[in-house]
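Enquirer: One structure, pasted below without further comment.
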Amino acid sequence: MTHVVVDPVTRIEGHLRVEAEVDGGAVKQAWSSSTMFRGIELIVRGRDPRDAWAFAQRICGVCTAVHAIGSCRAVEKAIGAVPPPNARLLRNLILAAQNVQDHVIHFYHLHALDWVDIVSALKADPAKTSALAQSLSDWPLSSTTYFAGVRDRMKAFVERGKLGIFANAYWGHPAYRLPPEANLMALAHYLEALDWQRRFIRIHAILGGKNPHLQSFLVGGAATPVDPDSQNSLNMETIAALDGLVADGMDFVSRVYVPDVLAIASFYKDWAAFGAGIGNYMSYGDYPEGDDESTQLFLPGIIRGRDLTKIGPVDQTKVTEQIARSWYDYSGGNEQALNPFQGETTPHFTGPKPPFERLEVAQKYSWVKSPRYDGEPMEVGPLARMLIAYVSGRPARAKELVEKALSSLGVGPTALCSTLGRVAARAIDAQVLVESMDTWVKGLADNMGRRDYRIQDNSKWDPGTWPSDCYGAGFVEGPRGSLGHWVHINDGAIANYQCVVPTTWNAGPRDAKGQPGPYEASLVGTPVAIPEQPLEILRTLHSFDPCMGCAVHVVDATKRELAHISLT
Ligand code: NFE
Ligand code: MG
């Protein structure tokens with residue numbers, strides 16, 4: 001038995017530590033710990049709920065808009081405001097742009113190097129790479145000269161001994177299986193994706209003034225004026241700019257990202273048998289096209305025990321958070337499971353004191369809480385969304401793309417419940433979303449044509465119109481999955497605020513019953529060829545796209561000083 005510690009897990013957002021027991025070449029047990037403690041969730045207490053989105057958005061530097069939208073939706077539910085169609089379209093566009101950009105960045109920059117050996121790419125024959133690329137897609141950057149140029153740039157890099165962004169990986173590890181030509185193609189696309197993601201997210205600059213942390217959110221709607229007769233508003237010129245950026249997005253996703261994922265997956269089909277984990281999947285659904293849930297592009301639902309024949313409903317009263325293994329206290333006892341409306345955030349670190357060798361896994365070992373649905377752990381994310389789409393047939397485009405991917409790989413639907421399935425589902429999610437963005441841009445243009453310029457329901461803007469005591473919850477599908485913000489408003493001010501985010505669901509530790517969280521469960525059975533180079537552990541972990549910044553977002557409720565940062 002070898003005890004493997006991966007800390008920090010790199011190429012993620014935030015600080016994640018994983019400990020695993022490896023025996024006979026595979027993981028037997030694993031523990032997931034967020035070692036990061038930071039502060040957002042309670043600083044909105046006592047504040048005007050109309051301002052909460054601007055604070056909540058700072059939970060993360062990656063999935064920023066999702067928190068702003070979750071916050072606005074929670075407050076709108078509490079006070080009874082209903083955003084008009086233009087605001088819905090603007091939010092859908094912002095949210096989808098966030099998801100699509102994040103998925104591309106995740107695949108190429110945070111995850112691909114678990115599958116792609118950059119050093120092997122140097123041995124590639126550019127002519128063969130060109131033939132491979134042209135067999136997969138009609139993407140124009142595919143000539144022999146182009147790939148020779150990429151290879152030579154990389155060679156010069158390596159010869160100077162400065163691997164830069166490619167340093168500190170397990171190059172040459174036996175678990176890498178792509179031929180040099182595929183590695184070179186992926187390297188070229190890694191570099192192209194860096195440039196593409198910068199271009200694509202100009203959608204956020206157009207609709208929100210900047211990225212990250214857009215400025216244009218508003219309780220009851222959006223603060224982006226829509227008026228074709230004004231230079232300073234969203235007008236036909238901006239519609240044309242959005243059209244161009246969405247087309248560029250569709251191009252890259254459908255001609256580079258999706259073909260790359262399928263091509264790489266075809267060399268790693270055995271990874272459809274690893275990383276399944278708990279086999280429960282949940283999605284809140286999102287992208288409303290009308291006033292109620294039934295109009296959403298993605299429907300809410302729950303799949304249990306990998307049973308792809310039925311979908312259960314999501315009843316938000318069944319969502320709770322436990323802290324049996326997390327560094328917090330609950331006033332009513334640490335064995336409690338609290339719904340976020342009653343949620344508490346009282347940090348209580350119980351050790352071990354750093355520097356330490358091992359977490360105290362029999363006690364508390366993470367800053368992430370353990371969310372549960374009806375007492376059960378749930379995996380959230382693009383895989384959950386695509387499974388629910390596949391089983392429900394909605395949206396039809398998602399089902400079609402999932403079927404196409406399965407047939408191109410020659411595998412059945414249960415293969416989706418795996419490390420590989422998570423990666424493929426994310427790419428399909430990106431394609432469905434970028435195609436839908438096109439429809440939403442047209443929707444905005446149509447509304448302008450009809451002179452419907454409404455962007456806000458301001459009937460509830462005045463706190464005098466609010467109930468003196470009210471509760472609301474807002475739900476969003478972020479890049480990493482289902483996100484909820486819960487707010488309790490009393491006398492016009494925030495009395496309690498809780499967020500349960502995608503990475504909290506996926507990265508959470510064991511609960512009071514000892515049930516592992518999704519990361520922990522998914523690692524069991526993962527092969528590990530060389531315990532000192534746990535490349536395979538990273539593959540499964542990265543397939544979830546961890547974000548600890550989102551998962552831990554608390555401050556000390558007693559206002560004790562937790563850290564002092566001196567700038568001198
Ligand atoms: Ni910080 Fe996030 C997403 C949210 S992860 S990236 O998606 O919310 O928990
Ligand atoms: Mg929380």
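Enquirer: Report, by chain and number, residues whose modeled amide H sits under 5 Å from the one on Leu234, excluding near sequence neighbours (fewer than 5 apart, same chain).
Expert: The list, which skips near neighbours in sequence, is Val226, Asp227.
Enquirer: Per-residue HN-Hα couplings for the range 54-59, Karplus 6.51 cos²θ - 1.76 cosθ + 1.60 at θ = phi - 60°, whole Hz, x for Gly and Pro?
Expert: Computed from phi, the couplings for the range 54-59 are 5, 7, 4, 4, 7, 3 Hz.
Enquirer: Restricting to DSSP H runs of at least four residues, report the calculated mean residue ellipticity at 222 nm for the chain, -39500 (n - 2.57) per run over all residues, nearest 500 deg cm²/dmol.
Expert: Calculated mean residue ellipticity at 222 nm is -11500 deg cm²/dmol.
Enquirer: Given a Förster distance of 45 Å, report the FRET efficiency between Arg160 and Ser407 from their Cβ-Cβ distance, rounded to the nearest 0.05.
Expert: 0.50
Enquirer: I need the phi-derived Karplus couplings for the range 473-487: 6.51 cos²θ - 1.76 cosθ + 1.60, θ = phi - 60°, integer Hz, Gly and Pro marked x.
Expert: Calculated HN-Hα couplings, in order: 10, x, 10, 9, 9, x, x, 9, x, 6, 10, x, 10, 10, 10 Hz.
Enquirer: Next up: Rounded if a/c is under 1.5, else prolate if a/b is larger than b/c, else oblate: which is the range 198-351, with a ≥ b ≥ c the root eigenvalues of its Cα gyration tensor?
Expert: Oblate.
Enquirer: Then there is this: Grab the other residues whose beta carbon is less than 14 angstrom from that of Ala205, score K and R as +1, D and E as -1, and report the net.
Expert: Counting the neighbours of Ala205, the net charge comes to +4.
Enquirer: Let me ask something additional. For the chain, what D do you get in µm² per second when you plug the Kirkwood radius from alpha-carbon pairs into Stokes-Einstein at 37 °C and 0.692 mPa s?
Expert: Calculated translational D: 135 µm²/s.
Enquirer: Express in whole angstrom the spacing between the alpha-carbon centres of the range 1-78 and the range 220-242.
Expert: 34
Enquirer: Let me ask something additional. Can you list the chymotrypsin sites (Phe, Trp or Tyr not before Pro) in the range 255-351 that are in a DSSP coil and have 16 or fewer other beta carbons within 10 angstrom?
Expert: Loop-located and lightly packed - Phe349.
Enquirer: Cα gyration tensor of the range 1-61, axes a ≥ b ≥ c as square roots of the eigenvalues: rounded (a/c below 1.5), prolate (a/b > b/c) or oblate?
Expert: It comes out prolate by the Cα gyration axes.
Enquirer: Let me ask another. Apply the Karplus curve 6.51 cos²θ - 1.76 cosθ + 1.60, θ = phi - 60°, to the phi angles in the range 88-96 and return the couplings in whole Hz, x for Gly and Pro.
Expert: Each residue of the range 88-96 in turn: 4, 5, 4, 5, 4, 5, 5, 5, 5 Hz.
Enquirer: Return P(r) of the range 79-162 (all Cα-Cα pairs; 10 Å bins starting at 0; whole %; ordered from short to long distances).
Expert: 14, 27, 27, 14, 10, 6, 1
Enquirer: OK, next. Suppose a student asked you for the relative contact order of the chain, using Cα pairs under 8 Å spaced at least 6 residues apart; what percent would you report?
Expert: After rounding, I find 27 percent.
Enquirer: Check which residues have an amide H placed less than 5 Å from Thr346's amide H, if you skip close sequence neighbours.
Expert: So Thr346 has HN proximity to Asp329.
Enquirer: Which residue, Ala263, Thr309, Leu416, has the largest displacement toward the positive end of the dipole of the chain when charges sit on each Cβ (Lys, Arg +1; Asp, Glu -1)?
Expert: Ala263
Enquirer: When the dipole is taken about the Cα centre of the range 2-551, and only Lys, Arg (+1) and Asp, Glu (-1) are charged at their Cβ, what size is it in debye, to the nearest 20?
Expert: 640
Enquirer: Going by a ≥ b ≥ c, the root eigenvalues of the Cα gyration tensor, does the range 432-503 fall in the rounded group (a/c under 1.5), the prolate group (a/b larger than b/c) or the oblate group?
Expert: In terms of gyration-tensor shape, oblate.
Enquirer: Let me ask something else about it. Over the range 2-551, average the accessible area per residue using a 1.4 Å probe and give it in Å², no decimals.
Expert: About 35 Å² of surface per residue is accessible.
Enquirer: Any idea what the alpha-carbon Rg over 2.2 N^0.38 Å comes to for the range 336-471?
Expert: 1.61
Enquirer: So what's the net charge close to Gly279: Lys and Arg +1, Asp and Glu -1, counting the other residues with Cβ under 10 Å from its Cβ?
Expert: Once positives and negatives cancel, what remains is 0.
Enquirer: List the GluC sites (Glu not before Pro) within the range 484-555 that fall in a DSSP loop (any state other than H, G, I, E or B) and whose Cβ has at most 13 other Cβ atoms within 10 Å.
Expert: Glu532
Enquirer: DSSP loop (so not H, G, I, E, B), at most 14 other Cβ within 10 Å: list which GluC sites (Glu not before Pro) in the range 354-410 pass both filters.
Expert: Glu357, Glu360
Enquirer: Here's something else I'd like to know. If you roll a 1.4 Å probe over the chain with all protein chains in place, what percent of the accessible area is carbon or sulfur?
Expert: Result for the chain: 53 percent of the exposed heavy-atom area is carbon or sulfur.
Enquirer: Right, something else. Phe274's amide H: which non-local residues (gap 5+, or another chain) put their own amide H closer than 5 Å, with H modeled 1.01 Å from N in plane and none for Pro or chain starts?
Expert: Here Thr419, Leu420 satisfy the definition.
The values are calculated or read from the model by the stated rules, or taken from the named source; none is laboratory data. It should be emphasised that the depicted structure is a prediction, and the values quoted were computed from it without experimental measurement. Backbone-built Cβ (ideal geometry, glycine too); neighbour counts: all protein chains shown. Note: accessible area is taken over every heavy atom of the protein model, side chains too, but ligands, DNA and RNA are not part of it. Shrake-Rupley method; radii C 1.70, N 1.55, O 1.52, S 1.80 Å.
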